[in-house]
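Read through the structure below, which is laid out as structure tokens, and then see the notes.
None of the figures in this text is laboratory data; all of them are computed from the coordinates on show. All figures in this text were calculated on a predicted structure; none of them were measured in a lab. Here Cβ is always computed from backbone atoms with ideal geometry, including for glycine, and neighbour counts include all displayed protein chains.
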Amino acid sequence: MSMTINKELPNPAALKAEFPVPEHIKEIKAARDKEIAAVFRGESDKFLVIVGPCSADNEESVCEYTRRLARVNEQVKDRLILIPRIYTNKPRTTGEGYKGMLHQPDPDKAPDLLGGIIAIRKMHMRAIEETGLTCADEMLYPENRSYLDDLLSYEAIGARSVENQQHRLTASSMDIPAGMKNPTSGDLAVMMNSIKAAQSAHNFIYRGCDVTTTGNPLAHAILRGGVDKYGTTIPNYHYEDLKRLASLYEESGLENPACVVDVNHSNSGKKFKEQIRIVSEVLHSRSYDPAIHKLVKGVMIESYLFEGAQKICPEMIHGKSITDPCLGWEDTEKLLYSIAEKA
């Protein structure tokens, strides 16, 4: 094979034993998981806001961002559940470019997967320790989630992964909400099939073992817009799109019908400031129609300390995205308080 084995990585159990989760963090996670699950089961009317950088590239700036979120959370926790986006894997359309902290704990240096696995575990643990907020990550590599599964309260399956069998089957093993994005084509049938697969029980090979899962009743839709064959973005956050999704759920017989609207990516055409307007429209649709109010459980926002994006270079601004452009903190804070008033 045209492959070189650089080193053997520790299995998840060994890494967890080396970097164990303290009891008080286990208790925080259990309470947060219960609170978030209640939203997806329709037992709580709190609104979810999954918010944070496109890619978590630096522990210090990510934790500073999360501390700021925690301060806002104290003011809005009776209406909202804030879930920090700490995305440690970055999908790349062509396979080129920065692939996230898992690959490169230091974006300026060569890939170091062992260092990356340790770095992302420490960062997620530190974020909970300092803020009491358990976080979201993207399941880009199904077998790698086992290094973080005792820390996360939400996982997203990306637009390029949602048709993949291993992603779907692994999502069926989760005991936390799994958000299944519509694919880049925008095809909602693909997304609905992925939710059905994730909610069903399966038998398959996982990390060299023969495993059986019970299914994940908290698997749900994430609308992120699509792109047609000419490369034109097609948003799917409008009222008519949400009504269509509600109808598809009604026909499907799936458990816990739910949707999170990703207000960036193809919904905004990656025009990051548009996220503010799109959130407002989603909340208006939700307040106008009881079926949409029941269906739309939250929004997903890309935001960091400083707005926009920058190239990887020797003198980077900490807290400014090195992947997709994000809202800055000032706009984010205003938006969060606005969501709390309208949700």
Requested in this report: Find how much the distance from Ala38 to Lys273 grows on full extension, using 0.36 nm per residue of separation minus their present alpha carbon separation; answer in nm with one decimal.
Outcome: 81.5 nm
Requested in this report: Once you have a ≥ b ≥ c as the square roots of the Cα gyration tensor eigenvalues for the range 189-339, tell me rounded if a/c is under 1.5, and otherwise prolate or oblate according to whether a/b is larger than b/c.
Outcome: oblate
Report task. Quick one: work out Rg over Rh on the C-alpha atoms of the range 45-129, Rh as Kirkwood radius. Result -> 1.05
Query raised in the report: Average projected area of the Cα convex hull of the range 110-200, in nm²?
Result: 6.7 nm²
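Return the loop-located trypsin sites (Lys or Arg not before Pro) in the range 177-244 (DSSP other than H, G, I, E, B) with at most 15 other Cβ atoms within 10 Å of their own Cβ; answer none if there are none.
Values: sites: Lys181, Lys196, Arg207, Arg224, Lys229, Lys243, Arg244; in loops: Arg207, Arg224, Lys229.
The qualifying sites are Arg207, Lys229.
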Report summary line: In debye to the nearest 20, the charge dipole size for the chain, taken about the Cα centre with +1 at each Lys and Arg Cβ and -1 at each Asp and Glu Cβ, equals 320 debye
Report task. Take each uninterrupted DSSP H stretch in the chain, measure its Cα extent along the helix axis, and return the ones at 24 Å or beyond whose mean Kyte-Doolittle hydropathy is at least 1.6. Result -> none
Query raised in the report: In percent, what relative contact order does the range 12-342 have, based on Cα pairs under 8 Å that are 6 or more apart in sequence?
Result: 17 percent
Query raised in the report: Which far-off residues, 5 or more places away or on another chain, put their amide H under 5 Å from the one on Ile81, with H placed in the peptide plane?
Result: Phe47, Leu48, Val49
Requested in this report: Using 0.36 nm per residue of separation minus the Cα-Cα distance, give me the extension gain between Tyr98 and Thr4 in nm, one decimal.
Outcome: 31.8 nm
Report task. Specify which residue in the list Tyr87, Ala30, Val49 is farthest towards the positive end of the charge dipole of the chain, using unit charges on the beta carbon of Lys, Arg (+1) and Asp, Glu (-1), about the Cα centre. Result -> Val49
Query raised in the report: What does the charge add up to near Arg79, with Lys and Arg as +1, Asp and Glu as -1, over the other residues with Cβ less than 14 Å from its Cβ?
Result: 0
Report summary line: Cα-Cα longer than 23 Å, checked against Lys7/Lys109; Lys229/Lys270; Lys46/Lys271; Lys16/Lys297; Lys16/Lys320; Lys99/Lys334, kept in input order, equals Lys46/Lys271; Lys16/Lys297; Lys16/Lys320; Lys99/Lys334
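Using the Cβ atoms and a cut-off under 9 Å, what net charge is assigned to the surroundings of Ile222, where Lys and Arg are +1 and Asp and Glu are -1? If you can, show how the numbers build up before the last one.
Details: positive: Lys181, Arg224; negative: Asp262.
Summing Lys and Arg as +1 and Asp and Glu as -1 gives +1.
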Report summary line: Of Ala127, Ala13, Ala198, the most mobile residue in a GNM of the chain (C-alpha springs, cutoff 10 Å) is Ala13
Query raised in the report: What is the spin-label model distance, in nm, from Ile317 to Asp228 if the labels are put 7 Å beyond Cα along the C-beta direction?
Result: 3.6 nm
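Regarding the chain, what whole-number volume in Å³ per residue does the convex hull of its Cα atoms give? Walk me through the numbers on the way to the answer.
Numbers: hull volume 47.6 nm³, N = 343.
Cα-based convex hull of the chain, divided per residue, equals 139 Å³.
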Query raised in the report: Taking only the alpha carbons of the range 1-146, what extent do you get along each of the three principal axes, in Å, biggest first?
Result: 54, 32, 29
